[in-house]
Amino acid sequence: MSRLSGLTTHILDLVTGRPAAGVRVVLSRHEAGETHEITEAVTNADGRLDAPLLAGPALTAGTYELAFHIGDYFAGATTQPSGVRFLDVVPLRFGVADPSLHYHVPLLVTPWAYSTYRGS
């Protein structure tokens, strides 16, 4: 197994071009038609988590979901439009085929759109 295996994330606010601090991130696993919450954390000043969501043998092959609670972040920022939030919780469902590898799943976000990719 790779020494760097695990699951990490970070969030970048594309409106300001800065990391999104204080965002709640919830990790769940999907198995046999059921969803099981594994852990949650909050992004630090660098838009990252202080520790991997899963590391080493805790990361297994399967389907996971990251739920980014981005609506609360933008509600506290000057970039939040008034009225009803367009984005509130952004769910990203993804698969882990080889748990010996590192999976980095970042979120690039504005109040109206988001993008993700498998990083390194």
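The values are calculated or read from the model by the stated rules, or taken from the named source; none is laboratory data. Everything quoted here is computed from the prediction, not taken from an experiment. No Cβ is skipped: glycine too gets one built from the backbone with ideal geometry, and neighbour counts run over all protein chains shown. Surface areas here come from the heavy atoms of the whole protein model, side chains and all, with no ligands, DNA or RNA. Shrake-Rupley method; radii C 1.70, N 1.55, O 1.52, S 1.80 Å.
Sort out for me the strands (runs of 3 or more DSSP E) sitting completely within segment 26-120 that have 1 or more residues that are out of contact with any Ser or Thr (no Cβ under 8 Å at 6 or more places or on another chain) and at positive phi.
Where strands (runs of 3 or more DSSP E) fall fully within segment 26-120 and carry at least 1 residues being out of contact with any Ser or Thr (no Cβ under 8 Å at 6 or more places or on another chain) and at positive phi, they are 62-69.
Taking Leu101 and the conditions (1) touching a Leu at 6+ places or on another chain (Cβ under 9 Å); (2) within 26 Å of Val15 (Cα to Cα); (3) open to solvent by 60 Å² or more (accessible area, probe 1.4 Å), which numbered condition does it fall short on, given that it satisfies the others?
Here Leu101 clears every test but (2).
Which one of the conditions (1) touching a residue at least 24 places away in the same chain (Cβ under 8 Å); (2) open to solvent by 30 Å² or more (accessible area, probe 1.4 Å) does Ala51 fail to meet, given that it meets all the rest?
The single condition Ala51 does not satisfy is (1).
For residues that are within 15 Å of Leu59 (Cα to Cα) and open to solvent by less than 80 Å² (accessible area, probe 1.4 Å), scanning just segment 1-25, find the one that is modelled with the lowest pLDDT.
Ser2
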